[in-house]
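Heads up: the structure comes next, in structure tokens.
The values are calculated or read from the model by the stated rules, or taken from the named source; none is laboratory data. Fair warning: this is a prediction, and the values are worked out from it, not measured in the lab. Positions of Cβ are backbone-derived with ideal geometry, glycine not excepted, and every protein chain shown enters the neighbour counts. When the accessible area is computed, the model is the full protein with side chains, heavy atoms only, and any ligands, DNA or RNA have been set aside. Shrake-Rupley method; radii C 1.70, N 1.55, O 1.52, S 1.80 Å.
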Amino acid sequence: MLTTWRARITGKRDRSLVTGAGVLVDAGHLLTCAHLVWGCSDLTVSFVQTGRGDLQNIPVGVSYTGPWRRPGDPGDIAVLELPEKVDLSPARFSLRPGTAAELNAHGFPRDAGPFGSVLRLRVTSSHGIGEWLHIEAATGHAEFPREGFSGSGVYEENSGEVLGVISDASHTESRRTGRMIPVETIRRHWEDIDDLLDLPWLSRDARVRLRAVVHGAGTGADLTELVMGTFPGIPRPRDLRSPWDAIRFVAEELRAEPHGDDRLTRIVTALSTRLTGPGVRAGLQEWLRTAPSSPPPGEEATGPAFFLSSCAEDAAYAERLGEYLRLQGVPVWHDAHVRWGDDSVEETRRRISQALGVIVLVSPDAERSSRVIGEVLEGQRRNRRFFPVLLRGEPLYILGATRHCDARDGAMPGEDYLRVLREVRDAATGTAPPPPAEPPRRAPSWEAPPRRTPPRAPIPVPHVTGRASVRKLTSLLDGGGLEHADIWTTTLLLDAAGRLGDGWMRRLDGELLPYGLLEEVDAVWARSMGGTQGFGAQLARYGGPPPGTPAGHAGDFFALADALGWRRGRQATPRYGEFVPPEPLPAGFFPTLRNPQLEHHRGWHDQWRQTAMAVHLRLRKMRGRR
């Protein structure tokens, strides 16, 4: 059973019954709150979900307590030890804050009976208050944080992962709020939990061996000073509490350093000269000889990687995101100094052409950045998948048909977003089958609102500003970027028809296209390409369907595609990256009205056909008015 790790804890304090909850972390230990067991006698644990009599009212002892001594103190953590190991599946822990998830906690208020009750809750912000996260009841007329929920594991409903434990409740019941201690805080006080976590900077076996060597070791130097001496020039870090805390800081929080710097080896080597205790130095030296080499989290990926596009104004978040993704096992390439159009443009294009996908940081500044827009257009030209992260404002209009990860609160993307990136990574490296294609209008899981909770306000699809957009088309064509200009033209028309968020047009949507916009776009293409490209050139080569073929139907489209060079015999139409033929281009080939955003999903060819027919039916009607 998924939740057999949930346990009821009882004890006696000053002749009064104390009840609370705990989380089974391994076969012999439970995690709970220090204030729950402080000063208690006759502590027992019951695994009420199992239905087994041998797992009820088991006497336990306290093997560890954090620094908590009175209400409001940090470190409100305790670990209970079972007299014998139990044959139950322990909890799985996650370092995510859970701000967008449906969360539950199973507590044992005295009036809830022996099986307790379930609290539905939400975390109101990923930004902590001290070392806690603020929580509140998700419903107004059901269970709320109160006595009996201390030590309850806060778990995600769908995955079952535990994100922390409840430690406090408001003294005023009408507020229905409390606090939880997240796993990130728990590991600061009880380092043993790191052996249970999936931390990507080192294999679990090597990490467990390393922590075992340094656990309890003494040091003849201030650890903060030791780290600063080992990595000169870094800002002064937070106070480091133990040798393991110093190792963990270097692996997870130290900013990126020059290529080839194995930071983990450097800090372990430095500790091996300073730590004291029986066998510590020899153990560290043996570990350095046998442990697998691990690249530092900030080192640039040399294999397949995601391309991270951002403007200068978003550089700070981009740097944090790059470190975060690498720490999560997602390779990223990012160079904030590349400028679209400078001498590095070929390197940027090469990186995008080889990228696993393109992560775009979206903000009003990015929307104005020629570099970001250029990188997005190049990614579309190369048929890369996009994973936009919305920092401020509205979604990027040129990615209107691609769902954006909402990070407007400044937090890092959540586990669902990471899962998609890992699936793409694994599919590309052959370590896992590729994820099945999904319809383009279906939102990825990171953007879908959680079930049975109030949905977040939808991210609005922006509209392109007409005159500025046509000017952009002119600049793209003047710069020789035919494919970029082609994709931009499709964006202009989709926006004018109100279909930017869908990425394609239905036949009747073409009636919404202003004749003035069609004429202006055609004039830009005709002027730049000497009359060989544009809508006028297309109409000259194909003015309507052959006799007996209904206008706008499939036969009409295939005849149009043959006339403009979009079809090559009876071969399957290639993706956009291989679609444009080498020069000389067939007359009327551009604009193609294709949207590469859709081409990672089934049905894209039919959507392209409908878009092309919607536009050309409107063009024929416009020609008839002249």
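Below 11 angstrom from the Cβ of Val362, what's the summed charge of the other residues (Lys, Arg +1; Asp, Glu -1)? Could the numbers behind the result be given before it?
Numbers: positive: Arg392, Arg408; negative: Asp314, Asp365, Glu367, Glu394, Asp406.
Local charge sum for Val362: -3.
Shape verdict for the chain, please, from the Cα gyration tensor: rounded (a/c under 1.5), prolate (a/b greater than b/c) or oblate.
Details: a/c = 2.90, a/b = 1.92, b/c = 1.51.
Taking the square roots of the gyration eigenvalues as a ≥ b ≥ c, the chain is prolate.
First check a/c for region 9-119, with a ≥ b ≥ c the square roots of the eigenvalues of its C-alpha gyration tensor; if it is under 1.5, answer rounded, and if not, answer prolate when a/b is larger than b/c or oblate otherwise.
Details: a/c = 1.26, a/b = 1.04, b/c = 1.21.
The shape class here is rounded.
So what's the net charge close to Ser41: Lys and Arg +1, Asp and Glu -1, counting the other residues with Cβ under 11 Å from its Cβ?
Details: positive: Lys12, Arg13, Arg15; negative: Asp14, Asp42.
Residues close to Ser41 contribute a combined charge of +1.
With a sphere of radius 14 Å drawn around the Cβ of Thr19, what net charge do the other residues whose Cβ falls strictly inside it have (Lys, Arg +1; Asp, Glu -1)? Let's see the in-between values first.
Details: positive: Arg6, Arg8, Lys12, Arg13, Arg110, Arg146; negative: Asp42, Asp111, Glu147.
Net local charge, Thr19 excluded: +3.
Only Cα pairs under 8 Å and at least 6 apart count here; give the relative contact order of the chain as a rounded whole percent.
Working: 1120 pairs, mean separation 48.6, N = 626.
About 8 percent, as a whole number.
At 1.4 Å probe size, with every protein chain present, just tell me what the per residue accessible area of region 1-83 comes to in Å².
Working: 3560 Å² over 83 residues.
For region 1-83, the solvent-accessible area averages 43 Å² per residue.
Scan around Glu143 for amide H atoms under 5 Å from its own, H built in the peptide plane at 1.01 Å from N, and keep only partners 5 or more places away or cross-chain.
Under 5 Å from the amide H of Glu143: Arg120.
What value in Å³ per residue do you get for the convex hull of the alpha-carbon atoms in region 533-611? Write out the running numbers ahead of the final one.
On the way: hull volume 7.8 nm³, N = 79.
Per-residue hull volume (Cα only) is 99 Å³.
Using helices alone, I'd like the mean residue ellipticity at 222 nm for the chain: each DSSP H run of four-plus residues gives -39500 (n - 2.57), total over residue count, nearest 500.
Details: 18 runs with 198 residues, N = 626.
Helices in the chain give a 222 nm mean residue ellipticity of -9500 deg cm²/dmol.
Which angle between 0 and 90 degrees, to the nearest 10, do you get for helix 604-625 versus the longest principal axis of the chain when only C-alpha atoms count?
Between the helix axis and the principal axis of the chain, the angle is about 40 degrees.
Whenever you get a sec, compute what percent of the accessible area on the chain sits on carbon and sulfur atoms (1.4 Å probe). All intermediate terms of the calculation are to be shown ahead of the outcome.
Working: 14060 of 27610 Å².
In the chain, the share of accessible area belonging to carbon and sulfur is 51 percent.
Would you rank His106, His334 by solvent-accessible area, highest first, keeping every protein chain in place and using a 1.4 Å probe? Could you put the intermediate results ahead of the total?
On the way: His106 10, His334 50 Å².
From most accessible down to least: His334, His106.
Show the residues, 5+ positions off or on another chain, whose built amide H is closer than 5 Å to the amide H of Gln533.
Gly588
Distance between Cα centroids, region 229-252 to region 562-612: provide it in whole Å.
54 Å
Calculate how steeply helix 370-381 sits against the longest principal axis of the alpha-carbon atoms of the chain, using the helix alpha-carbon long axis, and give the answer as 0 to 90 degrees to the nearest 10.
80 degrees
How about Lys85: which aspartates and glutamates have a C-alpha closer than 16 Å to its C-alpha, ignoring those fewer than 8 places off in the same chain?
Excluding near neighbours in sequence, the set is Asp26, Asp54.
Along the Cα→Cβ direction, 7 angstrom out, place labels at Leu17 and Arg507. What is the inter-label distance in nm?
In this crude label model, Leu17 to Arg507 measures out at 7.3 nm.
Could you let me know the centre-to-centre spacing of region 472-505 and region 40-61, using Cα atoms, in angstrom?
One Cα centre to the other: 66 Å.
Given points 7 Å out from each Cα along the Cα-Cβ axis, report the Glu252 to Ala312 separation in nanometres with one decimal.
3.5 nm
Charges at C-beta only: +1 for Lys and Arg, -1 for Asp and Glu. How large is the resulting dipole of region 174-292 about its Cα centre, in Debye rounded to 20?
Working: 19 positive and 17 negative charges, 74 e Å.
The calculated dipole for region 174-292 is roughly 360 debye.
Helix 345-354 against the longest principal axis of the chain: what's the angle in degrees, Cα atoms only, rounded to the nearest 10?
So the inclination is approximately 70 degrees.
Roughly what % of DSSP beta bridges within the chain run antiparallel, to the nearest 5? Show your work: numbers first, answer last.
Working: 51 of 62 bridges.
About 80 percent, rounded to the nearest 5.
Which one, Gly379, Met613, Ala142, projects farthest toward the positive side of the charge dipole computed for the chain from Cβ point charges (K/R +1, D/E -1)?
Sorting the options by dipole projection puts first Met613.
Short version: what are the Cα gyration tensor semi-axes of region 195-246, square root of 5 times each eigenvalue, largest first, in whole Å? Walk me through the numbers before you get to the answer.
Details: eigenvalues 101, 41, 16 Å².
The answer is 22, 14, 9 Å, longest axis first.
What list of ³J(HN,Hα) values in whole Hz, one per residue of region 135-141 in order, does the Karplus curve 6.51 cos²θ - 1.76 cosθ + 1.60 (θ = phi - 60°) give from phi, with Gly and Pro shown as x?
10, 8, 4, 7, 10, x, 10
Please identify every one of the trypsin sites (Lys or Arg not before Pro) in region 224-257 that sits in a loop by DSSP and has no more than 10 other beta carbons within 10 Å of its own beta carbon. Intermediate results must be reported in sequence, preceding the final value.
Details: sites: Arg238, Arg241, Arg248, Arg255; in loops: Arg238, Arg241, Arg255.
Sites meeting the loop and neighbour criteria: Arg238.
For region 58-115, run through the GluC sites (Glu not before Pro) and keep only the ones in DSSP coil with at most 11 other Cβ atoms within 10 Å of their Cβ.
Details: sites: Glu81, Glu84, Glu102; in loops: Glu84, Glu102.
Those satisfying the criteria are Glu84.
So, how do all the Cα-to-Cα distances of region 81-189 break down into 5 Å bins, in percent, from 0 on up?
Distribution as computed: 2, 13, 23, 25, 19, 11, 5, 2, 0 percent.
Taking the Cα atoms of region 488-549 alone, what are Rg (to one decimal) and Dmax (as a whole number) in Å?
My reading of the Cα-based Rg and Dmax gives 13.1, 36 Å.
If each residue of separation counts as 0.36 nm, what is the full-extension length gain between Thr429 and Glu84 once their alpha-carbon separation is subtracted? Walk me through the numbers before you get to the answer.
Values: separation 345, 0.36 × 345 = 124.20 nm, distance 4.38 nm.
Between Thr429 and Glu84, full extension yields 119.8 nm more.
Taking amide H atoms as placed 1.01 Å from N in the peptide plane, list the residues 5 or more away in sequence, or in a different chain, whose amide H sits under 5 Å from that of Val332.
Amide H to amide H, under 5 Å and 5 or more residues apart or across chains, Val332 pairs with Ala301, Phe306.
Can you give the Rg and Dmax of region 465-589 based on its C-alpha atoms, in angstrom?
Calculated on Cα positions, Rg and Dmax stand at 14.8, 43 Å.
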